[in-house]
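Following: one structure in structure tokens, then a few remarks.
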Amino acid sequence: MEQEAYDEAFRALKELRYADAAQAFQEFLTNYPASEYADNAQYWLGESYYVTRNYDIALTAFQTLLDSFPDSPKAPDALLKVGYTHYELEQWDSARAALTQVQELYPDTTLSRLAENRLRSMRMEGHY
């Protein structure tokens with residue numbers, strides 16, 4: 001049941017049915033808060049909001065992952081998305097802080113390079 005619920009939510013996400021995916025991931029987290037998939041569900045919940053430009057809700061979802069599952073394999077990705085989401089919300093200082101933290105915590109990774117690219121864009125756009 002638990003695996004099926006997660007798979008169903010993820011399938012909605014893969015099929016670009018973002019509203020359905022968000023609802024399904026939220027229901028999954030409500031029904032299975034201690035699941036081994038809870039951190040992934042939390043991340044994909046944030047992603048489903050991010051891609052639909054619901055940045056405030058996405059930010060809350062990504063931050064919840066970082067607060068609730070700090071050791072999750074998804075935590076580095078969530079931190080990058082926190083930076084991206086602050087950027088989209090034009091919260092420049094918060095974006096810079098999160099993206100810089102990605103670079104410091106995960107040097108020499110794809111995530112670090114993505115953070116550097118966004119920081120470079122921010123500099124070129126005059127945001128710092």
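Rolling a 1.4 angstrom probe over the protein heavy atoms, how many square angstrom per residue are accessible across the stretch 1-52?
Values: 2890 Å² over 52 residues.
Value returned for the stretch 1-52: 56 Å² of accessible area per residue.
Would the stretch 6-84 count as rounded, prolate or oblate if I go by the C-alpha gyration tensor, calling it rounded below 1.5 in a/c and otherwise prolate when a/b exceeds b/c, oblate otherwise?
Values: a/c = 1.77, a/b = 1.09, b/c = 1.61.
Judged from the Cα gyration tensor, the stretch 6-84 comes out oblate (a/c at least 1.5, b/c at or above a/b).
For the stretch 88-128, run through the GluC sites (Glu not before Pro) and keep only the ones in DSSP coil with at most 10 other Cβ atoms within 10 Å of their Cβ.
Hits after loop and neighbour filter: E90, E125.
In square angstrom, rounded to the nearest 10, how much accessible surface does D77 have for a 1.4 Å probe?
Roll a 1.4 Å probe over it and D77 shows about 50 Å².
If you take the square roots of the eigenvalues of the alpha-carbon gyration tensor of the stretch 60-128 and sort them as a ≥ b ≥ c, do you get rounded (a/c under 1.5), prolate (a/b over b/c) or oblate?
Here the stretch 60-128 falls in the oblate category.
Over the chain, with a Gaussian network built from C-alpha contacts below 10 Å, which listed residue (A34, A98, A24) shows the highest mean-square fluctuation?
Most flexible of the set in this elastic network: A34.
Tell me what the chain gives for mean residue ellipticity at 222 nm when only DSSP H runs of n ≥ 4 count, each as -39,500 (n - 2.57), the sum divided by the residue total, rounded to 500 deg cm²/dmol.
-24500 deg cm²/dmol
Give the carbon-plus-sulfur fraction of the accessible surface of the stretch 19-128 in %, rounded to a whole number; probe 1.4 Å, heavy atoms of protein chains only.
Carbon and sulfur together cover 47 percent of it.
Take the chain, connect every pair of alpha-carbon atoms lying under 10 Å apart with a spring to form a Gaussian network, then pick out the residue of A19, A75, A38 with the largest mean-square fluctuation.
Answer for the Gaussian network model of the chain: A19.
Quick one: helix 38-50 against the long Cα principal axis of the chain, what's the angle to the nearest 10°, folded into 0 to 90?
On a 0 to 90 degree scale, this one is about 60.
Any idea what angle helix 110-124 forms with the longest principal axis of the chain, computed on alpha-carbon atoms, 0 to 90 degrees, nearest 10?
Compared with the principal axis, the helix lies near 50 degrees.
The values are calculated or read from the model by the stated rules, or taken from the named source; none is laboratory data. Everything quoted here is computed from the prediction, not taken from an experiment. Counting neighbours? That spans all protein chains shown, and the Cβs are built from the backbone with ideal geometry, glycine included. What goes into the accessible areas is simple: the full protein's heavy atoms, side chains included, and nothing from ligands, DNA or RNA. Shrake-Rupley method; radii C 1.70, N 1.55, O 1.52, S 1.80 Å.
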